[in-house]
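One structure is given here, and the rest of the page talks about it.
The values are calculated or read from the model by the stated rules, or taken from the named source; none is laboratory data. All values derive from a computational prediction rather than experimental measurement. For neighbour counting, all protein chains shown are included, and Cβ atoms are generated from backbone atoms with ideal geometry for every residue, glycine included. Only protein heavy atoms, including side chains, enter the accessible area calculation; ligands, DNA and RNA are left aside. Shrake-Rupley method; radii C 1.70, N 1.55, O 1.52, S 1.80 Å.
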Amino acid sequence: MAVATSPPRPTSRATPSLRGVVLALFVASGAAGLIYQVVWSRELVLVFGNTTQAVATIVTAFMAGLGFGSLVGGRLADTSARPLRLYGLVELAVAAMAGLLPLAFHGLAEVYRGVWPSLVERPGQLAGVRFALAVAAVAPATFLMGMTLPLLTRYLVRTLDEAGARLGELYAANTIGAMAGTLLAGFVLIELLGLRLTSYLAVLLNVAAGTGALLLSRRWETGPDASGTAAADRVRPPRPEVPRDFRPRRRIVLAATFVSGFVSLALEVLWTRMLAQGTGSSIYIFTAILAIFLLGIALGSFLYRRYSRPRGERLGTLGLCLAGVGILAQTTVVLGSGVVGHVPFVVRTVVALLPATVLMGYAFPLAGRLVTPSAEAAGGSVGLLYAANTAGSILGSFSAAFILAGTIGTNGSILLLGGLNLLAGAVLFAAEPAGRQARQPGDPGPGTASRGRGRVVAAGLAGLAVLGMVASSLDLPITRTFTENDLRRTGRPVTHAEDELATVDTLGGKPSGRRLLVGGVGMTTLTVDTKLMGYLSKALRPDARDFLVIAFGMGGTYRSGLELGLRTDAVELSPTVPSRMPVFFPDGERFLHHPKGRVIISDGRNYVRLSREQYDMIAVDPAPPIESAGSVVLYTREFLTEGKARLRPGGTFMLWIPYALPLDDFKDHVRTFASVFGHVSLVLSPGRHGVLMFGSDAPLEFTEANIRQVLGAPAAIRDLNDVPDHRRTDADGWVRIIQRAQWLSDDQVRSFVGPGPEITDDRPRSEYFLWRRTFMDDQQYITQKSLLRATTR
């Protein structure tokens, strides 16, 4: 088979010591890439909102850049006489763009703010604007990132036999770097440095990788080769051709890689949802899941590098890898459903993710070897393979969030995806069974016995696929989430639904036992505190007409606003949560369709920033726990400033702080709140669950007359007495309760918290807290008693 060849290159460039240096550079590049993904995603979520549509737009823009970059990088690699030098220049270009990108996010936000009001009623056009802006922001940098793998592959590959091994090394190194970047950013850097400085540290990693590559290139890509001939970099090699008889095999592998990418990213989305059930959705949980996912891929790539045999690689081996991922995916629902009982998070995460991701990591370099016809075509082949994988990944993440989870549920979707991978594996195995040498040009075809065994194995894999796919649509214990199975054991009424955001479960029965759980975490109970968020705000401003509620929960605050006669808007991220209001309130349907009420499915932070509506009262009750990933955006100084801008003069802003945090962290929240509002009043909730913080640009005072007018009205008495966690009382009782509940105001608040750090978008302290709490003197969670003691010393 005749192939185009490039001029000889210096043999010394491929020595193990040199490869080690190149791999170290790629580790740094991988770490930088994951840090960027974490930081840029957070920045864009603040611009576009935390809705699934917005997040999907961000992911698509990020990955589309990688995919197109790999295609272009592959084409350049195959015709470049100095791929290492070109790699170094690309890394420096990534650093330059990444360094400038934070400066562009503010302008991006202003553009989106300008178009949002005119397009908010046209979601399709608004989604298009989001995508265009996200692509404009991150795709140039990610495009360059996508070029790096093909360039280094072309540099390190000298012969066809070593193509897979070199790709395995590079993929493992980059993935190890990505894992390190994930762990460092999630567990250390963002807490200690903040988002902006963390991103600049990633820029330095790119600079180091680029500079190192250029220095190596000067030594190893410009000197004489082993024969003493002139440097090869002066001659541009011709573009290698793919032999005609190799193309069908290549198309099969690319199609299988597309399917593998589709399944892998969809599984990552669904496994994260499944494994995070009931954990509180801490950023550390998500970081650990992603790190284990990447660890498995790195291990798989390393194992391929160690144990692969170039002359024995075949489609059937790749098919077994895909089928293995399918089988393991289907078995993970046993742990995810809880049918075997409670298994610790770390154990179930490792058991569920590691074996399957090891096979994913083994499959990619194997596929790279199978699509590479010659050493000269290694860069282009890897670029094409990476692009196919990325295209599948984009569709997979979309499908998991927008289609699969909301139709057949998390566990059912995992079974279905496992079946899809099994089918792909069966096709590959039938085409070229494992257990014989890969057919070389001129070799005779496989024997009858080999074909027969291949068909039997393929039929068995297809049977397992069909079994899983059929099971995915049935109501079985393994197709239910851990939370749903756990709630069903109580024997009380249970509802379960899934949307693109999360799983939503309700537990009915007696009022004191009714619960709303999102992602397996209890959101709230029927408590007087949620009702008082509206009543106390009204008592501070009896003439108020408009009320904005952020975070719907059971609907208690929204319902009380309407009971008070206010025009009430409620913003809720989950499209399913508001529909569950009738489970907790028998008259819930009436309030959901109340002429003065409006439920807006959107990101609360985004709505406050972009809306032009004005309100007399705003109440914010972020989803618990206070440390959960994403909740911090409703506690930062920037959000409070934006919320203040939505108030009419003299309006009140209420922010709920639960008792589930240490005193120093509580002071950070209060200090941040007091820095935005000129007048502040802290009220210890009568339900004893937390603190209601009220802020305004006008003085705040709970006068007896106003308390009687608002909380002492007959309708208010009936509403406030209809709760399981507070004794029944009358107007006189509420006057005494509220007067006792008032804790600190204005100068007392500022004296209590003193100087210190605040919670900002750049320093999300309530979400990233690990090291601070590790060395904190008092790690005990506050209570009403401990707060009162702290101010009476």
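Taking the conditions exactly as written (within 24 Å of the chain's Cα centre (by Cα), assigned to a helix (DSSP H, G or I) and closer than 30 Å to Tyr307 by Cα), does Ile176 satisfy them or not? Break it down stepwise before answering.
On the way: within 24 Å of the chain's Cα centre (by Cα): yes; assigned to a helix (DSSP H, G or I): yes; closer than 30 Å to Tyr307 by Cα: yes.
Yes.
Between a residue in segment 716-732 that is touching a residue at least 12 places away in the same chain (Cβ under 8 Å) and any residue that is charged (D, E, K, R) and outside any helix (DSSP H, G or I), which pairs come within a Cβ distance under 7 Å, given they are 6 or more apart or on different chains? The qualifying pairs are Ile717/Asp730. Which of the residues belonging to segment 299-314 are open to solvent by 10 Å² or more (accessible area, probe 1.4 Å) and either in a helix (DSSP H, G or I) or not charged (D, E, K, R) (or both)? Scanning segment 299-314 gives Leu299, Phe302, Leu303, Arg305, Arg306, Tyr307, Ser308, Pro310, Arg311, Gly312. The number of residues in segment 563-576 that are open to solvent by 10 Å² or more (accessible area, probe 1.4 Å) and either hydrophobic (A, V, I, L, M, F, W, C) or in a loop (DSSP other than H, G, I, E, B) (or both) comes to 5. Applying the condition of being touching a residue at least 24 places away in the same chain (Cβ under 8 Å) and over 21 Å from Ala623 (Cβ atoms) to segment 764-776 and asking which residue is surrounded by the most Cβ atoms within 10 Å (Cβ to Cβ) yields Arg772.
Looking only at residues in segment 229-269 that are assigned to a helix (DSSP H, G or I) and modelled with pLDDT under 70, the one that is most open to solvent (accessible area, probe 1.4 Å) is Arg234. Do the conditions hold for Ala163, that is, is it of a type in the set (A, V, I, L, M) and open to solvent by less than 10 Å² (accessible area, probe 1.4 Å)? Criteria met by Ala163.
Among the residues of segment 418-437, is there at least one that is in a helix (DSSP H, G or I), touching a Gly at 6+ places or on another chain (Cβ under 8 Å), open to solvent by less than 40 Å² (accessible area, probe 1.4 Å) and at pLDDT below 90? No, because not a single residue in segment 418-437 is in a helix (DSSP H, G or I), touching a Gly at 6+ places or on another chain (Cβ under 8 Å), open to solvent by less than 40 Å² (accessible area, probe 1.4 Å) and at pLDDT below 90. Take segment 464-496 and flag every residue that is touching a strand residue (DSSP E or B) at 6+ places or on another chain (Cβ under 9 Å) and among the aliphatic types (A, V, I, L, M). If the condition is that a residue be touching a strand residue (DSSP E or B) at 6+ places or on another chain (Cβ under 9 Å) and among the aliphatic types (A, V, I, L, M), then Leu487, Val494 are the ones that fit.
When Asp725, Asp732, Asp719 are checked against the criterion of being assigned to a helix (DSSP H, G or I) and open to solvent by 20 Å² or more (accessible area, probe 1.4 Å), a single residue qualifies: Asp732. For residues that are polar (S, T, N, Q) and open to solvent by less than 30 Å² (accessible area, probe 1.4 Å), scanning just segment 331-354, find the one that is nearest to the chain's Cα centre (by Cα). Among those that are polar (S, T, N, Q) and open to solvent by less than 30 Å² (accessible area, probe 1.4 Å), it is Thr349.
Does Val691 meet the test of being hydrophobic (A, V, I, L, M, F, W, C) and part of a loop (DSSP other than H, G, I, E, B)? Please lay out each step first, then the result.
Details: hydrophobic (A, V, I, L, M, F, W, C): yes; part of a loop (DSSP other than H, G, I, E, B): no.
No, not satisfied.
When Ser574 is tested against (1) small (Gly, Ala, Ser); (2) within 29 Å of Ala741 (Cβ to Cβ); (3) under 26 Å from the mean Cα position of the chain (by Cα), only condition (2) is not met. Within segment 742-771, the set of residues being within 24 Å of the chain's Cα centre (by Cα) and either outside any loop (DSSP other than H, G, I, E, B) or aromatic (Phe, Trp, Tyr) (or both) comprises Tyr768, Phe769, Leu770, Trp771. Can you tell me which of (1) open to solvent by less than 10 Å² (accessible area, probe 1.4 Å); (2) modelled with pLDDT of 90 or more is the one Met360 doesn't meet? Among (1) open to solvent by less than 10 Å² (accessible area, probe 1.4 Å); (2) modelled with pLDDT of 90 or more, the lone unmet condition for Met360 is (1).
Among the criteria (1) part of a helix (DSSP H, G or I); (2) open to solvent by less than 30 Å² (accessible area, probe 1.4 Å), the one Arg708 does not fulfil is (2).
Quick check on my filter: what residues within segment 610-626 are of a type outside the set (D, E, K, R), outside any helix (DSSP H, G or I) and either without any contact (Cβ under 8 Å) to a residue 60 or more places away in the chain or closer than 22 Å to Asp569 by Cα (or both)?
Keep residues of segment 610-626 that are of a type outside the set (D, E, K, R), which gives 610-611, 614-615, 617-620, 622-626.
From what's left, outside any helix (DSSP H, G or I): 611, 614-615, 617-620, 622-626.
Of everything in segment 610-626, those that are of a type outside the set (D, E, K, R), outside any helix (DSSP H, G or I) and either without any contact (Cβ under 8 Å) to a residue 60 or more places away in the chain or closer than 22 Å to Asp569 by Cα (or both) turn out to be Ser611, Gln614, Tyr615, Met617, Ile618, Ala619, Val620, Pro622, Ala623, Pro624.
Screening Leu516, Leu487, Leu526 for residues that are at pLDDT 90 or above, out of contact with any Cys (no Cβ under 7 Å at 6 or more places or on another chain), closer than 25 Å to Pro622 by Cα and assigned to a helix (DSSP H, G or I) leaves exactly one candidate, Leu487.
Kindly check whether there is at least one residue in segment 126-139 that is in contact with a helix residue (DSSP H, G or I) (Cβ under 8 Å, 6 or more places away or on another chain) and modelled with pLDDT of 90 or more. Before you say what the answer is, go through the steps one by one.
We begin by selecting, within segment 126-139, every residue in contact with a helix residue (DSSP H, G or I) (Cβ under 8 Å, 6 or more places away or on another chain); these are 126-127, 129-131, 133-139.
Imposing the further condition that a residue be modelled with pLDDT of 90 or more reduces the set to none.
No, that holds for no residue.
Specify the residue that is surrounded by the most Cβ atoms within 10 Å (Cβ to Cβ); the eligible residues are those in segment 517-562 that are of a type in the set (Phe, Trp, Tyr) and closer than 25 Å to Ala731 by Cβ. Ranking the qualifying residues of segment 517-562, first place goes to Tyr558.
Residues that are assigned to a helix (DSSP H, G or I), in contact with a Gly (Cβ under 7 Å, 6 or more places away or on another chain) and touching a residue at least 24 places away in the same chain (Cβ under 8 Å) do not occur anywhere in segment 127-135. Every condition in (1) open to solvent by 40 Å² or more (accessible area, probe 1.4 Å); (2) part of a helix (DSSP H, G or I); (3) over 20 Å from Leu517 (Cβ atoms); (4) among the charged types (D, E, K, R) is met by Arg648 except one, and the failing one is (2).
If you take the residues of segment 37-80 that are in a helix (DSSP H, G or I), farther than 30 Å from Val120 by Cβ and not hydrophobic (A, V, I, L, M, F, W, C), which of them is most open to solvent (accessible area, probe 1.4 Å)?
The initial filter retains those residues of segment 37-80 that are in a helix (DSSP H, G or I), namely 37-48, 52-79.
Still in the list and also farther than 30 Å from Val120 by Cβ: 66-79.
From what's left, not hydrophobic (A, V, I, L, M, F, W, C): 67, 69-70, 73-75, 78-79.
Numbers: Gly67: 8, Gly69: 0, Ser70: 0, Gly73: 0, Gly74: 1, Arg75: 140, Asp78: 16, Thr79: 17 Å².
Across segment 37-80, the extreme among qualifying residues is Arg75.
Reported count of residues in segment 595-606, each being crowded, with 18+ Cβ neighbours inside 10 Å and at pLDDT 95 or above, is 2. Residue-level check: of (1) open to solvent by 20 Å² or more (accessible area, probe 1.4 Å); (2) closer than 22 Å to Ala544 by Cα; (3) among the polar types (S, T, N, Q), Ser579 misses just (2). Answer yes if at least one residue in segment 627-636 is among the polar types (S, T, N, Q), part of a strand (DSSP E or B) and under 29 Å from the mean Cα position of the chain (by Cα), and no otherwise. Yes - at least one qualifying residue is present in segment 627-636. Within segment 485-502, can you find the residues that are within 17 Å of Gly513 (Cβ to Cβ) and among the acidic types (Asp, Glu)? Matches in segment 485-502: Asp486 only.
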